[in-house]
Protein chains: 2
Amino acid sequence: MSFELHPQLEADTLPLGDLLLSRVRLMNDARFPWLVLVPRRPDLREFIDLPAAERSILMEEIAAVSLAMREVTEAEKLNVAALGNRVPQLHVHVISRFATDLAWPAPVWGAGSAQAYTPDAQAHLAQALHAKLAFI
Amino acid sequence: MSFELHPQLEADTLPLGDLLLSRVRLMNDARFPWLVLVPRRPDLREFIDLPAAERSILMEEIAAVSLAMREVTEAEKLNVAALGNRVPQLHVHVISRFATDLAWPAPVWGAGSAQAYTPDAQAHLAQALHAKLAFI
C-alpha cells in the first residue's frame with residue numbers, strides 16, 4: 001500500500017510542499033492561517049501508529065512548521081492538534097491564533113464556514129512559507 | 001525559576017504521577033477519559049519553547065500515555081492537542097474518544113460542563129493507568 005492523501009483533506013486544503021516525512025497542506029480558510037502535516041505513510045491513524053524514530057521526525061517537522069508560521073503570520077499563540085474524529089488519516093493541525101481572531105479563545109474547529117483564499121492571498125502566504133521551510 | 005503547575009490546571013485536574021519530563025494529571029471530568037501532560041520546565045508556552053531533545057522526550061511521553069489510555073479505556077480514537085489559548089502554560093491533552101461520547105465527532109473543548117469523578121471511579125482509573133505507565 002502506498003500513501004495517498006485522504007480525499008477530504010485533498011478537498012479542504014491547498015498544496016504547499018513535502019518535508020522529509022510529511023506532506024504540508026494549507027487549509028483553504030483565509031480566516032485562520034492553518035497548515036496540516038500529513039506523514040506520507042499508508043494506514044496511519046494515531047501518532048502511535050508511527051515508529052518512535054518517525055515520531056521524532058514528525059515532532060521536528062511540527063516544530064519547523066510552528067516556527068515558520070509564527071514568523072510569517074506573527075501568531076500570538078500556536079495551536080497544534082491531531083484529532084482525526086472526522087477524517088481518520090493521521091494529520092496534524094498547526095494553526096496561528098490571535099486574540100482578535102473570530103474563534104478566540106475557543107478552538108477553530110466548528111467555528112462557522114471556511115472562507116477560501118483569493119489566489120493572491122494564497123500565493124503570498126505560500127511564498128513566505130516556502131522561504132522558511134526546507135521543502136524537498 | 002522553578003516549575004509550578006498553573007493554578008487553573010491545578011484546579012481542573014487531579015494528580016496522577018510524573019514521567020521523566022512531564023507531570024501527568026487527570027482532567028476531573030468523568031464524561032471523557034482525559035489526561036494532561038505538563039513538561040516540568042518553567043516558562044513554556046509552545047512546543048518550540050522546548051529544546052529539540054526534550055521535544056523528542058515529550059513526544060515519547062505522549063506516545064506512552066496514548067498507548068496506556070487506549071488500552072485502559074478501549075478508546076476508539078485518541079485526540080492529542082496543545083492549545084493553550086486560555087491557560088498559557090504548555091500542556092498537552094490526550095483524550096480517549098468514542099463514537100458514543102457526548103461531543104463526538106466534535107472536539108471536547110467547550111462541550112458543556114465537567115462532571116467530577118467519584119472517588120471510586122477516580123481511584124479505579126488511576127490504578128489502571130499506574131499499572132501501564134512508568135511514573136518516577
Taking A:Asp120 and the conditions (1) in contact (Cβ under 8 Å) with a residue 40 or more places away in the chain; (2) assigned to a helix (DSSP H, G or I); (3) away from chain B (no Cβ under 14 Å), which numbered condition does it fall short on, given that it satisfies the others?
(1)
Filter the stretch B:35-64 for residues that are more than 7 Å from every other protein chain (Cβ to nearest Cβ), touching a Ser or Thr at 6+ places or on another chain (Cβ under 8 Å) and open to solvent by 10 Å² or more (accessible area, probe 1.4 Å) and give the result.
B:Arg40, B:Pro42, B:Glu61
Among the residues of the stretch B:53-66, are any within 20 Å of A:Pro88 (Cβ to Cβ) and not small (Gly, Ala, Ser)?
yes
Of the residues that sit in the stretch A:65-115 and are touching a Gly at 6+ places or on another chain (Cβ under 7 Å) and facing chain B (nearest Cβ under 10 Å), which one is surrounded by the most Cβ atoms within 10 Å (Cβ to Cβ)?
A:Lys77
Go through the stretch A:123-136 and count every residue that is open to solvent by 70 Å² or more (accessible area, probe 1.4 Å) and assigned to a helix (DSSP H, G or I).
3
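The values are calculated or read from the model by the stated rules, or taken from the named source; none is laboratory data. Predicted model only: the values in this text are computed from it and were never measured. Ideal geometry is used to build each Cβ from the backbone, glycine not excepted, and the neighbour counts take in all protein chains shown. What goes into the accessible areas is simple: the full protein's heavy atoms, side chains included, and nothing from ligands, DNA or RNA. Shrake-Rupley method; radii C 1.70, N 1.55, O 1.52, S 1.80 Å.
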